[in-house]
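The structure under discussion appears below in the form of structure tokens.
The values are calculated or read from the model by the stated rules, or taken from the named source; none is laboratory data. All values reported here derive from a predicted model rather than from experimental measurement. FYI the Cβ positions are ideal-geometry reconstructions off the backbone, even for glycines, and counts take in every protein chain you see. What goes into the accessible areas is simple: the full protein's heavy atoms, side chains included, and nothing from ligands, DNA or RNA. Shrake-Rupley method; radii C 1.70, N 1.55, O 1.52, S 1.80 Å.
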Amino acid sequence: MPLRLEHISYAYRLGRGTFKALDDVCFHVDPGERVAVVGPNGSGKSTLARMAQGLLVPDQGLVSADGVTGTEGLCRRVGVVGQDPEDQIISSSVQDEVAFGIGNLGVPVDEVQRRVDAALATMGLSDMRRRDPAMLSGGERQRVVIAAVLAMRPSYVVLDEPTTMLDTPGRREVLDAVTVLVRVGCGVVHITHDLDDVVPCDRAVVLHSGHIAYEGEPHDLLGDGGRLRELGLGPSRLLVVANHLAAAGMTLPADPTHPRVLAAALADHVRRVGPTCR
Amino acid sequence: MMPSVAYLPGETPLHRLDARVKLALLAAYTFLLFTSDGWVGLACCLSLALFGLVVGKVPLGHALRGAGPIALLLALTVIANALSLAHPADGAAIVGSLSFTPAGMLHGMYLAVRIILLIVAAALLSLTTTPVALMDAFTALLRPLGRWNVPVGDVAMMCSIALRFIPVIADEADRIVTAQRARGARFGEGGPVARVRAWGPVLVPLLVSLFHRADALADMLDGRCFTGALRTRLDAPRMRHVDWAVLLGGCTASVLLGIYL
Ligand SMILES: Nc1ncnc2c1ncn2[C@@H]1O[C@H](COP(=O)(O)OP(=O)(O)OP(=O)(O)O)[C@@H](O)[C@H]1O
Ligand SMILES: [Mg+2]
């Protein structure tokens, strides 16, 4: 049974007025599935994340995870990793931070320790357990946050732009951690600004001013420059490279934005033309 | 690590002593200070304070910094005690019925030294203990209050979050100041009004960013099912044998000295 948002509408109350942030949004993630959610600023992505954890109650529609509704049930099943690790770490040691969420679930201490050890090992943080998170790099801190979420054994994890505040190595680290989350069976929603993050996902969803403007194969989206522009998203880096290659005279396959396809086409080209350099 | 004006990083036995023990020792020392009268008791307290300074490798100047703001008060204590209106036998008349008494001055000095010693002892605690450890120690001591529905968990959480966010907020303020400077804002120039005004463009974005952080933090706490109960700690400080020994030894000594001196 998936994490399911059914016909969700939500408006923020602003003084006397309201601002419609989500408009009849239907969305689901299965366990073990990796879904990318992209959209321009203010399109409602973070609202969707809050909604998935039950922290906002929809004006219309229903949110359920494995058939369970309500804030408490949703918080136990859905973990959220935010943008800035600075706002999500409150402890002075890594393992205390990872223990925080499970401790709140009323789990006995030795079980807490066991789960913390497992989550730290999964995120490759075992030898940092006694470090002060404030002394770690951005990527390491974000991994601490992911471990803290993972230790609560959620079925679904929503990551809201988890790499925005990080440098390139930190980004890499966190993306690898997301892959690990999928591998251990979590349904993952990766909210992102970066179209490159969409490539490894099973499905892509585009939010645009509060409604779903696209849902489907990541590569159909990434290869459609016109569509991307229409949705307020820049061309993907792969599309830019593919276009340059085409302009340079290379014949490209129909689906050049899949990295594997593009690489195969390049290899094929080199084989045919020969490894000559001008 | 918490950048703090109060903490002197170090690896001395005093730094390593459990913060709860240090807190208890401070209480015991205060007891001793105010129950022992006479110069022998004071000398005893003085040597204990000096012993603490040596063990913790804390420079005397550092420990006395806290006494600065009340130096005037201490001076007044001495002067007020030295003056008398009642023509005591050892008094030297100054004007009218006002006279100076050496015994009174000595008593004033006695009171002043007692307060200075208390300040030094408190400084010893805060200079050798990280704010986080200190917070934990307070929480541990407040824990029994939970039985009378005092929200110890909430209070502890609030204080430790406040502590943790001080450097974050300081960084943020720094960033905004730098950004405003780059746009030509001037800080610390002109009259007092101009100086205060210059901070307006800093405080507003700082507050906005703090509200955003508070929102994100609240989401995080709700998302992790925080209910205000005391948290499970894996790295909670554990009392070693030394800690117990120092605690017992220190408290017994203070009580005995307090009674016999
Ligand atoms: N607490 C709030 N009160 C009022 N309006 C809000 C609130 N939070 C968000 N909004 C508005 O709702 C809309 C959607 O916000 P949301 O944060 O979900 O967007 P987003 O897609 O996450 O944007 P970004 O890419 O900037 O993170 C925005 O126009 C925003 O101004
Ligand atoms: Mg957002």
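Would you check which residues across the range A:160-172 are open to solvent by 50 Å² or more (accessible area, probe 1.4 Å) and either within 14 Å of chain B (Cβ to nearest Cβ) or within 16 Å of ligand 2 (Cβ to nearest atom) (or both) and list them?
Going through the range A:160-172, the residues open to solvent by 50 Å² or more (accessible area, probe 1.4 Å) turn out to be A:164-165, A:167-169, A:171-172.
Correct list: A:164, A:165.
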Original post:
Can you find a residue in the range A:66-74 that is assigned to a strand (DSSP E or B) and either within 16 Å of ligand 1 (Cβ to nearest atom) or surrounded by fewer than 19 Cβ atoms within 10 Å (Cβ to Cβ) (or both)?
Top reply: yes
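Can you find even one residue in the range A:37-52 that is away from ligand 1 (no atom under 16 Å from the Cβ) and part of a loop (DSSP other than H, G, I, E, B)?
The answer is no; no qualifying residue exists.
Considering the range A:108-134 alone, what residues qualify as being more than 7 Å from every other protein chain (Cβ to nearest Cβ) and touching a helix residue (DSSP H, G or I) at 6+ places or on another chain (Cβ under 7 Å)?
Listed by number, the residues that qualify are A:115, A:119, A:120, A:122, A:123, A:125, A:126, A:128, A:129, A:131, A:133.
Could you tell me whether the range A:109-119 includes any residue that is among the small types (Gly, Ala, Ser) and in a loop (DSSP other than H, G, I, E, B)? Talk me through it step by step, then tell me what you get.
First, the residues of the range A:109-119 that are among the small types (Gly, Ala, Ser): A:118-119.
Then drop every residue that is not in a loop (DSSP other than H, G, I, E, B), which leaves none.
No: the range A:109-119 contains no residue that is among the small types (Gly, Ala, Ser) and in a loop (DSSP other than H, G, I, E, B).
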Subject >> Residue within the range A:19-33 that is away from ligand 2 (no atom under 16 Å from the Cβ) and either closer than 26 Å to residue A:167 by Cβ or within 14 Å of chain B (Cβ to nearest Cβ) (or both) present >> reply: no
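What do you reckon, is residue B:83 surrounded by fewer than 19 Cβ atoms within 10 Å (Cβ to Cβ), away from every other protein chain (no Cβ under 14 Å) and under 18 Å from residue B:27 (Cβ atoms)?
Values: surrounded by fewer than 19 Cβ atoms within 10 Å (Cβ to Cβ): yes; away from every other protein chain (no Cβ under 14 Å): yes; under 18 Å from residue B:27 (Cβ atoms): no.
No.
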Original post:
Of the residues A:83, A:95, which single one is among the polar types (S, T, N, Q), at the interface with chain B (Cβ under 9 Å from one of its Cβ atoms), outside any strand (DSSP E or B) and away from ligand 1 (no atom under 12 Å from the Cβ)?
Top reply: A:95
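What tally of residues in the range A:242-257 results from selecting those that are buried (at least 19 other Cβ atoms within 10 Å of the Cβ) and either in contact (Cβ under 8 Å) with a residue 60 or more places away in the chain or assigned to a loop (DSSP other than H, G, I, E, B) (or both)? Break it down into steps so the answer makes sense when it comes.
Taking the range A:242-257 first, the residues buried (at least 19 other Cβ atoms within 10 Å of the Cβ) are A:242, A:256-257.
Right, trim to either in contact (Cβ under 8 Å) with a residue 60 or more places away in the chain or assigned to a loop (DSSP other than H, G, I, E, B) (or both) and you get A:256-257.
Qualifying residue count, the range A:242-257: 2.
Quick check on residue A:96: is it crowded, with 19+ Cβ neighbours inside 10 Å and closer than 30 Å to residue A:222 by Cβ?
On the way: crowded, with 19+ Cβ neighbours inside 10 Å: yes; closer than 30 Å to residue A:222 by Cβ: no.
For residue A:96, the condition - crowded, with 19+ Cβ neighbours inside 10 Å and closer than 30 Å to residue A:222 by Cβ - is not met.
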Original post:
What residue, among those in the range A:175-205 that are more than 16 Å from ligand 2 (Cβ to nearest atom) and β-branched (Val, Ile, Thr), is farthest from residue A:74 (Cα to Cα)?
Top reply: A:199
Original post:
Scanning the range B:213-261 for residues that are charged (D, E, K, R) and more than 9 Å from chain A (Cβ to nearest Cβ), which turns out nearest to the chain's Cα centre (by Cα)?
Top reply: B:243
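Matching residues to (1) open to solvent by 30 Å² or more (accessible area, probe 1.4 Å); (2) β-branched (Val, Ile, Thr):
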position: A:174; (1), (2): no, yes
position: A:179; (1), (2): yes, yes
position: A:183; (1), (2): yes, no
position: A:186; (1), (2): no, no
position: A:189; (1), (2): no, yes
position: A:192; (1), (2): no, yes
position: A:196; (1), (2): yes, no
position: A:205; (1), (2): no, yes
position: A:209; (1), (2): yes, no
Original post:
From the set of residues in the range A:55-65 that are more than 16 Å from ligand 1 (Cβ to nearest atom) and crowded, with 19+ Cβ neighbours inside 10 Å, which is farthest from the chain's Cα centre (by Cα)?
Top reply: A:64
